[in-house]
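Have a look at the structure below, then the notes.
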Amino acid sequence: MSSGVLILRSIRLRITLWYVLLLAVVLAAFCAGIYFALRQSLIDDLDNLLESRAGLLLGAISYESGRPTITGIDFTGDPAEGENFARVFDSSGEVTFDNSAGVGGPPVDQPVIERTLKGETTTRRVEAGGQTLRVTTLPILRGSAPAGALEVGISQEDVDETLRTLLLILAIAYPLTLAIATFGGLLVAGRALTPIDRLTGLAQRISADDLSQRLDLDLPDDELGRLARTFNDMIARLESAFRRQRQFTADASHELRTPLTAIKGHSEVALQRSRSPESYRQALVAINEEADRVIRLTTSLLSLARADAGQIPLSLEDVDVAEAVRAAAEHSHPSAERKQVRLRVDPGPETRVTADEDLLIQLMLNLLDNAIKYTPSGGEVTVGWATESDAVSLKVRDTGIGIDREDIPHIFDRFYRVDKARSRAAGGAGLGLSISLWIAEAHGGSIVVESQPGKGSTFTVRLPLAR
Ligand code: ADP
């Protein structure tokens, strides 16, 4: 039973059934067309023959005391021999000549004779003596008035025989053609659809745990080939998303573990024996610093998680770029001073952007913090902006350690740090730039970096101008 259900569920069978159904209808119409066209043509031929025979006979009509009859023509009158029979009626409908006995004398159709005597010609099919005849009845005109009627008949057996043979041929050819079409259709549809079964089989083997598999099908660039390729692309995207997810979880746990281990270490040392108030204070300061690191990290992780989930609504407003830059610079000022790095604002033209002001300030703060972090004492960090036709480019330039060319493509990745030890010592977890990039992109903007190792870096944020 299950295989029966399977067969009905197969596209192959459904396509074939539709195709055969359509073919059956078209073929039936075609057969009917052929049959009726041939029948019409054969009967037309017969009628033409009858007409010419009638013409001949009309020429042989003679009148005996005013009544028409036929004399002087010698014919067998056997329609079965391809001959015609003839019957002549006078103006009162009486038979004056008749050689139809050979075909069993078809009965006289009185109403037809009456109509003929009024000038009408009738051609019809008549059954007589076990055979079918084509009979035409036409008026015999003397002057312009009908003086009688001439009836000429000829056998229709040949025509009927031909039509019967044609019907027989069609009756055999019709189901045979349908059977061949069904078989051929199943074969062609099967061939066309086999790759789908293979695709299904392969796709079933790919699971979430093993996304490295691909549908390695050698398919041409047709519908199925494109389906397989799209499927492969989708799996590739899933695989990289899963990999990033796993990496992210591992990195996040690792980053959290480090400060927590430090807190545990500091507190255990402090608790080992009784100590002076000063050393407790030192331990608490160290623990406090590590706790700050955990808080910073979890805040960043939370921002990223919410950004990923699309849960950070932008409260867009008209923001004065100068004000946002000044706010960020003021915030960064103390750390620049501590590090003895000169922080300079290089104001550009008065510009406004449509942005979430808090996020914009956070973006600038991240870039300024990095610039200060990775610039040695005595260096300089400059923040400024310039307008282009439809965008503003905010630049944070430093004279710091710079970034190697091969690291540049990765610095926006989560948890990526060029020098882990240096970054951690400076309080970074490698999330600042990921968050900055998200903020820029959420505003329809972008961030690009130019850097010369040993000389400094410039981060340029492009944001569309307020309309
Ligand atoms: P972090 O918290 O470690 O600073 P970020 O995501 O902000 O993380 O930056 C990623 C990495 O990019 C940093 O670890 C650092 O190596 C590099 N980087 C970022 N800004 C600068 C800069 N101005 N100069 C040199 N290196 C930088």
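With an a/c value of 1.5 or above and a/b larger than b/c for the gyration tensor axes a ≥ b ≥ c computed over the alpha-carbon atoms, the range 317-464 is described as prolate. Ignoring solvent entirely, what values of log10 I(q)/I(0) come out of the Debye formula for the range 231-308 at 0.11, 0.20, 0.22 Å⁻¹ when each Cα is a single scatterer? Each listed q maps to, in turn, -0.46, -0.89, -0.97. Summarising the label geometry, the points placed 7 Å from Cα in the beta-carbon direction at ALA32 and ARG275 lie 10.4 nm from one another. In the chain, helices alone account for a calculated mean residue ellipticity at 222 nm of -19000 deg cm²/dmol, with every DSSP H run of four or more residues adding -39,500 (n - 2.57). With r defined as the distance between the Cβ atoms of GLU323 and THR200 and R0 fixed at 45 Å, what FRET efficiency is calculated, to the nearest 0.05? Between GLU323 and THR200 the formula returns 0.15. Relative to the globular-protein estimate of 2.2 N^0.38 Å, the Cα radius of gyration of the chain stands at 2.28. Once whole DSSP H runs in the chain are found, which of them have Cα atoms spread over 18 Å or more along the helix axis and a mean Kyte-Doolittle score of at least 0.5? Helices meeting the span and hydropathy rule in the chain are 11-59, 157-205, 357-373.
According to the Kirkwood relation over distinct C-alpha pairs, the hydrodynamic radius of the range 182-323 is 21.3 Å. Distance from the C-alpha centroid of the range 337-394 to that of the range 103-124: 114 Å, rounded to the whole angstrom. In a fully extended conformation the segment linking GLU268 and VAL25 would gain 78.4 nm over its present Cα-Cα distance, using 0.36 nm per residue.
Taking the Cα centre of the chain as origin and assigning +1 to Lys and Arg Cβ atoms and -1 to Asp and Glu Cβ atoms, the resulting dipole is close to 3100 debye.
Every number in this text was worked out from the coordinates using simple rules, so none of it is lab data. Computed from a prediction, not measured in an experiment: that's the story for all the values here. Virtual Cβ from ideal backbone geometry, glycine too; neighbours counted across all protein chains shown.
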